[in-house]
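The values are calculated or read from the model by the stated rules, or taken from the named source; none is laboratory data. For clarity, every value in this text was computed on a predicted model and none was experimentally measured. FYI the Cβ positions are ideal-geometry reconstructions off the backbone, even for glycines, and counts take in every protein chain you see. Surface areas here come from the heavy atoms of the whole protein model, side chains and all, with no ligands, DNA or RNA. Shrake-Rupley method; radii C 1.70, N 1.55, O 1.52, S 1.80 Å.
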Amino acid sequence: MTRKSWFLVGLAVLLGAVYAYYFTDWINVPRIQILKSDRPVRYGRSASGVLPVTFTLEDRYKLTEVKVIAVGALATNKNPAPLWHLVTKSNSIPLKGFVYGQQIRGMRPANERDRPRRLEPGIKYRLYVSAGRAKGEIDFEAHPASPTN
């Protein structure tokens, strides 16, 4: 092969690597985009004193892990105990969204005795979700439920 041929092969390999890095998920971990919203209870008052927190995902995902941790605990501890932690049992259903503390079909608590802890108003929390290689996270706060008159 001539010097020109080697140059063209090297250029093709370089362009292929740039394409794989910027336009595929072969190298980069796919990101799950999450939206958070507070949904008031239709009748009566919220049992926990805060509005139920709803998370909406950009697409349907078969989640493999869901975890909520207080952000303040992350500052003082590398591995704080999660307030809510679910892992897949076998094959979770594709979801577009869920509510904090909800039992998700196909998932179970990481520790069988754990139940979701109550969220406190005004405290920052971080939600981590995983679906295979795809991962996402969002910081959120729970807002107090307004009393009904």
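Taking the Cα atoms of the range 76-149, what is the range of coordinates along each of the three principal axes, in descending order and whole Å?
Principal extents (Cα only, largest first): 44, 35, 26 Å.
Protein chains only, probe 1.4 Å: how do 63, 51 rank by accessible area, largest first? The partial results should precede the final answer.
Working: 63 0, 51 40 Å².
Sorted descending by solvent-accessible area, the residues read 51, 63.
Taking the Cα atoms of the chain alone, what are Rg (to one decimal) and Dmax (as a whole number) in Å?
Answer for the chain, Rg first and Dmax second: 21.4, 86 Å.
Which of the lysines could a cross-linker bridge to residue 89, judged by Cα under 23 Å and excluding same-chain residues fewer than eight apart?
62, 67, 135
So which residue, out of 21, 128, 100, gets the largest mean-square fluctuation from a GNM of the chain using Cα contacts under 10 Å as springs?
Most flexible of the set in this elastic network: 21.
Under a plain spin-label model, where a point goes 7 Å from the Cα along Cα-to-Cβ, how far apart in nm are residue 139 and residue 4?
In this crude spin-label approximation the distance works out to 5.8 nm.
When all alpha-carbon pairs of the range 72-119 are counted, what percent fall beyond 18 Å? Write down the numbers at each step before the final one.
On the way: 438 of 1128 pairs.
The calculated P(r) of the range 72-119 puts 39 percent of pairs beyond 18 Å.
Can you work out the accessible area per residue across the range 35-122, with the rest of the protein chains kept in place, probe 1.4 Å, in square angstrom?
Normalised by residue count, the accessible surface of the range 35-122 is 66 Å².
Between the helical axis of 3-23 and the dominant principal axis of the chain, each derived from Cα atoms, what acute angle in degrees is found, rounded to the nearest 10?
That works out to roughly 10 degrees.
Can you give me the solvent accessible area of residue 126 with a 1.4 Å probe, rounded to the nearest 10 Å²?
My reading of the accessible area for residue 126 is about 50 Å².
Taking the Cα centre as origin and putting +1 on Lys and Arg beta-carbons and -1 on Asp and Glu beta-carbons, what dipole magnitude results for the chain, to the nearest 20 debye? Could you put the intermediate results ahead of the total?
Values: 23 positive and 11 negative charges, 57 e Å.
In total the dipole reaches around 280 debye.
Given the Cα-Cα distance of residue 58 and residue 76 and 0.36 nm per residue of separation, how much length would full extension add, in nm?
Numbers: separation 18, 0.36 × 18 = 6.48 nm, distance 3.17 nm.
Extra length from residue 58 to residue 76 when fully extended: 3.3 nm.
Check cross-link reach from residue 36 to the aspartates and glutamates: straight Cα distance under 19 Å, and skip same-chain residues fewer than eight apart.
58, 59, 65, 120, 137, 139, 141
Contour minus end-to-end for residue 11 and residue 99, with contour as 0.36 nm per residue of separation and end-to-end as the Cα-Cα distance? Display every interim value, and only then the final one.
On the way: separation 88, 0.36 × 88 = 31.68 nm, distance 4.97 nm.
Result: 26.7 nm gained on full extension.
For the chain, modelled as a GNM with alpha-carbon contacts under 10 angstrom, which of 16, 106, 132 fluctuates the most?
Comparing 16, 106, 132 in a Gaussian network model of the chain, the most mobile one is 16.
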